[in-house]
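Sharing a structure below in structure tokens format, with a few things to ask.
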Amino acid sequence: VRAPHKSRVKYVHTDAVGVGVMGVMGNKGGVSIRLQFYDSTICIICTHLAAHRENVAGRNADFANVFNKTSFDIGEEAIREVIRSGSLSQWATGSSTVGITDHDLVFWIGDLNYRVDEIMSTEQVLLLSEKGQLEELKK
């Protein structure tokens with residue numbers, strides 16, 4: 001954060017969610033940081049999901065686990081401020097815990113391990129992308 005904006009960053013909290021065996025083994029899962037920047041709340045999640053081309057269900061399950069288990073206890077003062085500013089106004093349950101969807105901006109990054117199906121070459125995928133033919137890629 002650049003110096004002129006540093007004082008406008010507040011309520012910084014982190015969380016980590018393991019999705020390996022029993023939620024603790026292995027190297028898969030996600031780490032998250034959330035903060036308020038001026039009047040906007042921002043959440044950034046970085047995940048490493050299950051590998052192997054055929055393991056789409058495993059990746060989807062890892063994503064769901066990180067999504068559902070990530071939470072931040074931001075405190076009562078932060079809750080009062082974000083409600084006053086209009087952020088999280090739909091969420092006024094009296095709890096000081098927020099999840100991923102309680103933020104104005106969410107950025108999900110990382111090694112997601114999703115693969116292009118082998119029936120289509122990389123060159124064909126790039127060509128369809130360049131032509132804007134994205135429906136063909138969703139099949």
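The values are calculated or read from the model by the stated rules, or taken from the named source; none is laboratory data. Because the structure is predicted, anything quoted here is derived from the model rather than measured. Here the Cβ is made from the backbone with ideal geometry for all residues, glycine too, and neighbour counts use every protein chain on show. In case anyone asks, the SASA skips ligands and DNA or RNA and just uses the protein heavy atoms, side chains included. Shrake-Rupley method; radii C 1.70, N 1.55, O 1.52, S 1.80 Å.
Looking at Val24, Val12, Val19, which is the one that is open to solvent by 70 Å² or more (accessible area, probe 1.4 Å), at pLDDT below 95 and touching a strand residue (DSSP E or B) at 6+ places or on another chain (Cβ under 6 Å)?
Val24
I've got another one for you. Can you pull out every residue in segment 39-74 that is more than 30 Å from Glu118 (Cβ to Cβ) and either polar (S, T, N, Q) or open to solvent by less than 80 Å² (accessible area, probe 1.4 Å) (or both)?
Listed by number, the residues that qualify are Ser40, Thr41, Ile42, Cys43, Ile44, Asn68, Thr70, Ser71, Phe72, Ile74.
Could you pull out the residue among Glu123, Glu81, Glu77 that is loosely packed, with under 11 Cβ neighbours inside 10 Å and either among the charged types (D, E, K, R) or modelled with pLDDT of 85 or more (or both)? Give the steps one after another, and end with the answer.
Working: Glu81 fails: loosely packed, with under 11 Cβ neighbours inside 10 Å; Glu77 fails: loosely packed, with under 11 Cβ neighbours inside 10 Å.
Among Glu123, Glu81, Glu77, only Glu123 is loosely packed, with under 11 Cβ neighbours inside 10 Å and either among the charged types (D, E, K, R) or modelled with pLDDT of 85 or more (or both).
While we're looking at this one, here's another question. Contact list please: Cβ distance under 7 Å, first residue in segment 74-100 and farther than 14 Å from Ile42 by Cα and outside any loop (DSSP other than H, G, I, E, B), second residue open to solvent by 20 Å² or more (accessible area, probe 1.4 Å) and at pLDDT below 75, pairs at least six apart or on different chains.
Ile83/Ser89; Ile83/Ala92
Give the residues of segment 84-113 that are small (Gly, Ala, Ser) and modelled with pLDDT under 80, sorted by residue number. Let's see the steps before the verdict.
Of the residues in segment 84-113, the ones small (Gly, Ala, Ser) are 85-87, 89, 92, 94-96, 99, 110.
Selection gives Ser85, Gly86, Ser87, Ser89, Ala92, Gly94, Ser95.
Being open to solvent by less than 50 Å² (accessible area, probe 1.4 Å) and within 30 Å of Ser7 (Cβ to Cβ) is the requirement here; does Thr97 meet it? Spell out the reasoning first.
Numbers: open to solvent by less than 50 Å² (accessible area, probe 1.4 Å): no; within 30 Å of Ser7 (Cβ to Cβ): yes.
Spelling it out, it is not the case that Thr97 is open to solvent by less than 50 Å² (accessible area, probe 1.4 Å) and within 30 Å of Ser7 (Cβ to Cβ).
Give me a count of the residues in segment 101-115 that are open to solvent by 80 Å² or more (accessible area, probe 1.4 Å) and either in contact with a helix residue (DSSP H, G or I) (Cβ under 8 Å, 6 or more places away or on another chain) or without any contact (Cβ under 8 Å) to a residue 60 or more places away in the chain (or both).
2
Name every residue in segment 93-131 that is within 16 Å of His13 (Cβ to Cβ) and in contact with an Asp or Glu (Cβ under 6 Å, 6 or more places away or on another chain), in order of residue number.
Of everything in segment 93-131, those that are within 16 Å of His13 (Cβ to Cβ) and in contact with an Asp or Glu (Cβ under 6 Å, 6 or more places away or on another chain) turn out to be Ser96, Thr97.
Would segment 24-32 turn up any residue that is under 17 Å from the mean Cα position of the chain (by Cα), touching a residue at least 24 places away in the same chain (Cβ under 8 Å) and closer than 24 Å to Ile79 by Cα?
yes
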